[in-house]
Amino acid sequence: MKFFVDTADVKEIRDLNDLGLLDGVTTNPSLIMKSGRDITEVTKEICDIVEGPVSAEVTALDHDGMMKEAEVLAKIASNICIKVPLTPDGLKTCKALTSQDQMVNVTLCFSANQALLAAKAGATFISPFVGRLDDLGLDGMELISEIRTIYDNYDFDTEILTASIRTVNHVKQAAMIGSDVATVPPATLHALFKHPLTDKGIDAFLADWAKTGQKIA
Ligand code: G3P
């Protein structure tokens, strides 16, 4: 499973990229707002750090407006992936852009039928939002399973990009189901490393090592 980070925080992106962990980045208007940066400037900086796809979202709601914004965003870098909402205009835009070999991430997906439509529109990625479904008392991960089954039934190339991930458990479940990508907030990505027995084990090994008086050199 590929790891994307869901943030527009350049420092976080640089740190995670240095660990060799990042396959891409997703941003959205809320994350750009949170960064306090200009969208073109910050997106360019992110694209210079990360080799993989960097999703940048359009804000127009009509097809013509989306196409114009997509043209501006696509000029930022060759690894830009245009993010469009799952609406009729969004999918029309998706079809037009992917026909020109432009990567497209279809976002705000909350049902298997929506994911089916996105695949038929040639989406590079579909972004089902698991956390927001869980917030309503529904089962976000069940949606990932349903989409996996449908895409496998028809050999769709669209990659499932599990989004709105809130917990390390979401990451594990996405991997078990066979999600192609998980886009994970930085804090949750860091939390994946953590296990109390790992810390305890390191402490015990180092204490014993100190008693030997040796150095590896
Ligand atoms: O990738 C989509 C993500 O940013 C939404 O997450 O936590 O706002 O539902 P959240």
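Values quoted throughout were computed directly from the atomic coordinates according to the rules given, and no laboratory measurement underlies them. For clarity, every value in this text was computed on a predicted model and none was experimentally measured. Don't worry about glycine lacking a Cβ; one is built from the backbone with ideal geometry, like all the others, and counts go over all protein chains shown.
May I ask you to order 121-127, 64-70 by the average number of other C-beta atoms within 10 Å around their residues, highest value first?
Details: 121-127: 25.7, 64-70: 17.1.
Output ranking for 121-127, 64-70: 121-127, 64-70.
With helices as the sole contributors, the chain gives -15500 deg cm²/dmol at 222 nm; each DSSP H run of n ≥ 4 counts as -39500 (n - 2.57), and the sum is divided by every residue. Here the contact order of the chain, divided by its residue count and restricted to Cα pairs under 8 Å and six or more residues apart, works out to 17 percent. Distant-in-sequence amide contacts of residue 26, defined by a placed amide H-H separation under 5 Å and a gap of 5 or more residues or a different chain, comprise 5, 6, 7, 55. Close amide H pairs (under 5 Å, H built 1.01 Å from N) link residue 109 with 127, 129, residues at least 5 positions away or on another chain.
Just how many % of Cα pairs in the chain lie over 21 Å apart, if you round to the nearest whole percent? Of all Cα-Cα distances in the chain, 56 percent exceed 21 Å.
For the cross-link pairs 11/92; 120/172; 2/34; 83/200; 11/172, which exceed 31 Å when the distance is taken from alpha carbon to alpha carbon? Pairs exceeding 31 Å: 11/92; 83/200. In segment 46-103, Cα pairs under 8 Å separated by at least six residues give a relative contact order of 35 percent.
Here the Karplus relation 6.51 cos²θ - 1.76 cosθ + 1.60, evaluated at θ = phi - 60°, turns the backbone of segment 84-101 into coupling constants of 10, x, 7, 10, x, 5, x, 6, 5, 5, 4, 4, 5, 6, 5, 5, 9, 6 Hz, with x for every Gly and Pro.
The length gained by stretching the chain between residue 14 and residue 87 to full extension, at 0.36 nm per residue less their Cα-Cα distance, is 23.0 nm.
Full-extension gain between residue 209 and residue 59, please, as 0.36 nm times their residue separation minus the C-alpha to C-alpha distance. Walk me through the intermediate numbers first.
On the way: separation 150, 0.36 × 150 = 54.00 nm, distance 5.71 nm.
Working it through step by step, the gained length comes to 48.3 nm.
Across segment 133-139, rounded Karplus estimates of 3J(HN,Hα) from the backbone phi angles (6.51 cos²θ - 1.76 cosθ + 1.60, θ = phi - 60°) give 6, 4, 4, 8, x, 9, 10 Hz, Gly and Pro being marked x.
Each residue, residue 132 and residue 149, gets one label point 7 Å from its Cα in the Cβ direction; the gap between the two is 2.4 nm.
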